[in-house]
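Encoded as structure tokens, the structure appears first; notes follow it.
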Amino acid sequence: MVLEQEGTLTISGAELYTKSWLPDNGSPKAKLVFIHGFSDHINRYPAFFSHLASKGIAVYGFDQRGWGRSVKKPAEKGLTGQTSQVLSDIAAFLSQPHLLGTPGSQEPVFVMGHSMGGGQVVTFAADPEYESLVKKARGFLLEAPFIGFSPEERPSRLKIALGRLAGRLMPHFQLVHKIAVENITRDKYVQTSIKEDQLMHDTGTLEGFAGLLDRTNDLQQGKIKLGKEGVVQSLWVGHGTADKVTWFEATKEWFEQCAGGVKDRTLRAYEGWFHQLHCDGECSGEFFEDVANWILERTGGDEREPEVVKTDETLKVQEEVAIAVLEGERSQKTEAKL
């Protein structure tokens, strides 16, 4: 059984919808704060969050300003505010007493973001203004983060320049931007549910789009880095190689060049997977387990992990070494018998 709790949290005058998925025994091993993506809301992840809660990981999320059930009237659709407002909202949510607001919390707290939310989370983690709060988090996880546009979705330079100019002149002007559901997930049922979900309104403001473009551009150009050691304790990044919304290659390049300050970091490439790893068909159970296991491996107290940098290639090498060692032991046993 998983306990679900709904509520609201007022931040800077905005009443935001919140929801939690909690282990039924009331004693979580870890806590995860989740930041959703563009035209998304926190109730789009029930199977993923319920799985984590069943493993002892309590999940806390909120519909961001301008999205989901935090929208009370049409004029609020996509009204996210500037990047500074977005990061301030994340900080306020994390600063609640049951999360990072109380010194010496018994359960380690992790922070995860998907797509646009992934770009927001890494921007937050790299911002010196929030360094003291970031240090309290046990680790950060990014699912298909918006670090670079996929070739299918990349706007022209002219469109980006005009968008930024319009964003300054008419910041609250609303614009609909639809992403083909066939590019989001391979699961036909999920594709249909996205089309029918009235809360996924595909509406952003020029100000919000400008902020997203600026964050993505800064990430892809290496201006946003996790380069200071000891701030972010651990980092896990998962991305599908066939993602047609955000670009796996941009994520890989950022991980290799801009995350050097995080000793315990892992990049997991999901070969042939699409954008929503959490609902990309029957294989999504593998993603659930990867996330749960990574978190639970880091719940044994406040001690930091030894230096570990993992990619799929290093994991493959480790596996080959283990097989070689095992074969060597078998060979020695055979010789001993002879």
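The values are calculated or read from the model by the stated rules, or taken from the named source; none is laboratory data. Being a predicted model, the structure only gives us computed values, none of them experimental. Note that we place each Cβ from the backbone using ideal geometry, even for glycine, and neighbour counts take in every protein chain shown.
Structural remarks
- Complete set of residues in the range 298-311 that are under 13 Å from residue 265 (Cα atoms) and either among the charged types (D, E, K, R) or modelled with pLDDT of 95 or more (or both): 298, 304, 305, 307, 310
- Any hit, the range 52-68, residues being of a type in the set (Gly, Ala, Ser) and more than 23 Å from residue 292 (Cα to Cα): yes
- Helices (runs of 4 or more DSSP H) enclosed by the range 127-244 - at least 1 residues per element that are crowded, with 17+ Cβ neighbours inside 10 Å, assigned by TED's automatic domain parsing to the domain that holds residue 92 and touching a Cys at 6+ places or on another chain (Cβ under 7 Å): 188-196
- Unique residue being of a type outside the set (Lys, Arg) and in a strand (DSSP E or B) when the list is 58, 47, 53: 58
- The range 53-87, residues that are in contact with a strand residue (DSSP E or B) (Cβ under 8 Å, 6 or more places away or on another chain), among the polar types (S, T, N, Q) and crowded, with 18+ Cβ neighbours inside 10 Å: 64, 70, 80
- Complete set of residues in the range 290-300 that are in contact (Cβ under 8 Å) with a residue 60 or more places away in the chain and assigned to a helix (DSSP H, G or I): 291, 292, 294, 295, 296
- Within the range 78-110, the set of residues being farther than 30 Å from residue 209 by Cβ and among the small types (Gly, Ala, Ser) comprises 101, 104, 105.
- Cβ-Cβ distances below 7 Å connect the following pairs, each with a first residue in the range 65-79 that is in the same structural domain as residue 17 (by TED's automatic domain parsing) and of a type in the set (Ser, Thr, Tyr), a second residue that is in a loop (DSSP other than H, G, I, E, B) and modelled with pLDDT of 95 or more, and a separation of six or more residues or different chains: 70/63; 70/64.
- Residue pairs meeting the criteria (Cβ under 6 Å; at least 6 apart or on separate chains; first at negative phi, in the range 32-59; second part of a loop (DSSP other than H, G, I, E, B)): 37/115; 41/63; 41/67; 41/199; 42/36; 42/63; 58/28
- With respect to the conditions (1) at negative phi; (2) buried (at least 23 other Cβ atoms within 10 Å of the Cβ), residue 22 lacks only one, and its number is (2).
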